[in-house]
1. Could you calculate the contour length gain from ASP50 to ASP139, that is, 0.36 nm times the residue separation minus the distance between their Cα atoms, to one decimal place in nm?
2. Hey, can you find the accessible area per residue of the chain for me, probe 1.4 Å, expressed in square angstrom?
3. From the C-alpha gyration tensor of the range 29-113, pull out the three semi-axes of the equivalent ellipsoid (sqrt of 5λ each), sorted largest to smallest, in whole Å.
4. 5 Å is the cut-off here: which amide hydrogens, built 1.01 Å from N in the peptide plane, fall below it relative to GLU35, excluding neighbours closer than 5 in sequence?
5. Calculate the translational D of the range 210-278 in whole µm² s⁻¹ from Stokes-Einstein, where the hydrodynamic radius comes from the Kirkwood formula applied to all Cα pairs, the temperature is 20 °C and the viscosity 1.002 mPa s.
6. Going by Cα centres, the range 31-67 and the range 166-216 are how many Å apart?
7. From the list [x] 20.9; [y] 15.8; [z] 24.0, can you say which value of mean projected area of the Cα convex hull in nm² was derived from the structure given?
8. Can you check what the Kirkwood hydrodynamic radius comes to for the range 172-330, Cα pairs only, in Å to one decimal?
Amino acid sequence: MNKLLKRTILVILMLGVIVVATLFIPNVSKSGKTEYLLIAERASFADVMDSLGVKQSVFSTLTFRLDAMLTLSTGKFKTGRYELKGGMSNFELIKKIRQGRQTPIRITFNNIRTKEDLCRRLSDQLMFSYNEIYNLLNDNGFLSKYDVDTYTAVSIFIPDTYEVYWTITPEKLMDKIYKSYLDFWTTERREKARKEGLTITEVSTLASIVEEETNLKNEKPIVAGLYINRLRTGMKLQADPTVKFAVGDFTIKRILFEHIDESAASPYNTYKHEGLPPGPVRVPSIESIDAVLNYTTHPYLFMCAKGNGGAGHDFTVTFGEHVQNANRYRGEMDKIGIK
């Protein structure tokens, strides 16, 4: 064997040792910043390498590429969301991805107004698209197994934190959300709703109005009691949030006759239609739902926002008292130029 051949073999062996060694050398920084590698459905190896290339925590994408090829893993990576743990070697990361050992994600959807907002929030956090979840929430056939329809579908989304895998399907997510919804609606809560002659979706609908009316915890049960008084006496709810929802503009500061007339045909317009609207005008919080179930008993039928920058509302029994408060409030709004 000549010297050149010996040197060539030696170089090849040395390179092989180096490549094998890179399998077990830490290749993820312990910087303290947690990074995640997302592998989409039907992603190619090139796509994975592109995704890995933008991660600040990976020292060498070249060694990862070589080690993936060495272990015959380039076509065996599974769809998912994988945590890049500090100190992790290529071997550990490749093994995790091949086995599909995802890191769960904690999703939240607090402070959601519309169904569209909800779908955007969920699709931003999970692998499925906006249209996939939106179409399900507008499919009465699919929703029937959850005892809701396209109007009331958002009521099963109890604001909380849910731990799921990034790859969860919209259908599986709905099943999980519904299970939590059933757990939330305990026998005690259901019994309170029954005593008031309300279904649990009607409680959520009323809670959504209460939440739009006030963000003051101590005031929510009072507002809830006011609307329950109106329901009992046969008054129209005349709730401003329902008109904003019907018009599709939550930035409106003052509900005018033109807004009421513009949305007259909408079943959500409680100035024109009696009783509760067909579904929630937002995803109500647990606090607001419990405020309805534990409403304050009182004789109030009217309320008006406090003036002079005060928080909350003034509550009255008679329409005459309400008119005085309303005129005062309108005058203050006119002074500061709020239409």
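1. Details: separation 89, 0.36 × 89 = 32.04 nm, distance 3.71 nm.
Between ASP50 and ASP139, full extension yields 28.3 nm more.
2. Numbers: 18030 Å² over 339 residues.
Heavy-atom accessible area per residue stands at 53 Å².
3. Values: eigenvalues 113, 50, 26 Å².
The three semi-axes for the range 29-113 are 24, 16, 12 Å.
4. LEU84
5. Value of D from the Cα-based Kirkwood radius: 173 µm²/s.
6. That distance is 40 Å.
7. [z]
8. Evaluated on the range 172-330, it is 16.4 Å.
The values are calculated or read from the model by the stated rules, or taken from the named source; none is laboratory data. All values derive from a computational prediction rather than experimental measurement. Don't worry about glycine lacking a Cβ; one is built from the backbone with ideal geometry, like all the others, and counts go over all protein chains shown. For the accessible areas, the whole protein counts, side chains as well, though only heavy atoms, and no ligand, DNA or RNA atoms are used. Shrake-Rupley method; radii C 1.70, N 1.55, O 1.52, S 1.80 Å.
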